[in-house]
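The values are calculated or read from the model by the stated rules, or taken from the named source; none is laboratory data. Everything numeric in this text was worked out from a predicted model, so none of it was measured. Don't worry about glycine lacking a Cβ; one is built from the backbone with ideal geometry, like all the others, and counts go over all protein chains shown. Remember, those area values only see protein heavy atoms, side chains included, never the ligands or the DNA or RNA. Shrake-Rupley method; radii C 1.70, N 1.55, O 1.52, S 1.80 Å.
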Amino acid sequence: MKYKACIFDLDGVIVDTAVYHYKAWKRLANEMGFDFTEHQNEQLKGVSRMASLELILGWGQVTGATEAEKEEMATRKNLWYTDMINQMTPDEILSGAREFVQACRDAGIKTAIGSASKNTPIILAKLQLTQLFDAIVDGNSVSKAKPNPEVFLKGAEALGVSPADCVVFEDAVAGIEAALNAGMKAVGIGTPKMLTEADVVVSGLDKFTLEMLEEL
């Protein structure tokens with residue numbers, strides 16, 4: 001195969017946990033006396049937890065919170081979120097995701113997760129997918145948020161391949177930028193209108209094949 005490794009973002013590519021993030025952030029916003037919309041939630045794709053909180057506080061015009069208070073808010077949101085993801089089942093894997101990752105492995109292509117989420121290990125365990133990835137790089141092992149390429153560069157390093165031999169699968173604009181900044185090919189999962197910088201865009205992994213990978 002032309003490429004030696006595929007690195008997958010988790011949320012929006014393998015599984016859609018955005019609904020759980022949305023419910024948890026909305027609960028936090030509502031408790032502080034303002035609302036949080038699904039449109040605003042879309043803008044948090046690929047953004048770290050604390051950066052997401054800053055955006056939400058800005059939208060709610062909440063000022064003056066101390067760093068300790070912000071940490072407490074983020075922790076509270078994450079507790080609600082983890083309560084929900086602990087109920088997840090393999091039925092929630094996005095269409096074609098398991099099959100495509102397995103096809104990569106069968107073809108001798110190494111696989112990794114490259115996600116900002118600190119909850120990646122829990123989610124993969126609940127989906128019974130952990131064993132399908134040779135490396136997992138997540139929010140517990142990186143400090144710089146996408147579009148910084150750190151998460152993908154660490155993924156390539158963990159797999160023992162050069163960045164030029166990697167293809168990244170991402171659903172967020174910042175994630176596509178991170179992949180390109182890492183010197184990797186980028187497959188967008190979503191709409192061409194949104195993911196304009198991606199090398200190719202498909203609606204989901206059920207619409208992508210090893211033949212398309214070779215043609216990148």
(request) Would you look at the GNM of the chain, springs on alpha carbons closer than 10 Å, and say which of 110, 193, 118 moves the most? (result) 193
(request) Quote to one decimal, in nm, the extra length available between residue 38 and residue 67 on full extension: 0.36 nm per residue of separation minus the C-alpha distance between them. (result) 7.8 nm
(request) Please state, to two decimals, what the Cα-based radius of gyration of segment 1-131 comes to when divided by 2.2 N^0.38 Å (N = residues). (result) 1.20
(request) Any aspartates and glutamates with Cα under 17 Å of the residue 2 Cα? List them, leaving off those in the same chain fewer than 8 positions away. (result) 106, 165, 199, 211, 214, 215
(request) Report the antiparallel proportion of the DSSP beta bridges in the chain as a percent, rounded to a multiple of 5. (result) 5 percent
(message) If each DSSP helix of 4+ residues adds -39,500 (n - 2.57) and the sum is divided by the residues in the chain, what number results at 222 nm, nearest 500 deg cm²/dmol?
(response) -12500 deg cm²/dmol
(request) Sketch the reach of a paramagnetic label on residue 157 as a point 7 Å from Cα along Cα-to-Cβ, and name the residues of segment 98-141 whose backbone nitrogen lies under 16 Å away. (result) 113-115, 135-141
(request) Report the full-extension gain for the segment residue 197 to residue 54: residue separation times 0.36 nm, less the Cα-Cα distance, to one decimal in nm. (result) 48.8 nm
(message) Using a 1.4 angstrom probe on the protein heavy atoms only, could you order 80, 25 from most to least accessible area?
(response) 80, 25
(request) Treat each spin label as a single point 7 Å out from the Cα along the C-beta direction, and report the residue 30 to residue 89 distance in nm. (result) 2.5 nm
(request) Tell me the label-point distance for the pair residue 144, residue 18, using the 7 Å Cα-to-Cβ offset, in nm and rounded to one decimal. (result) 2.6 nm
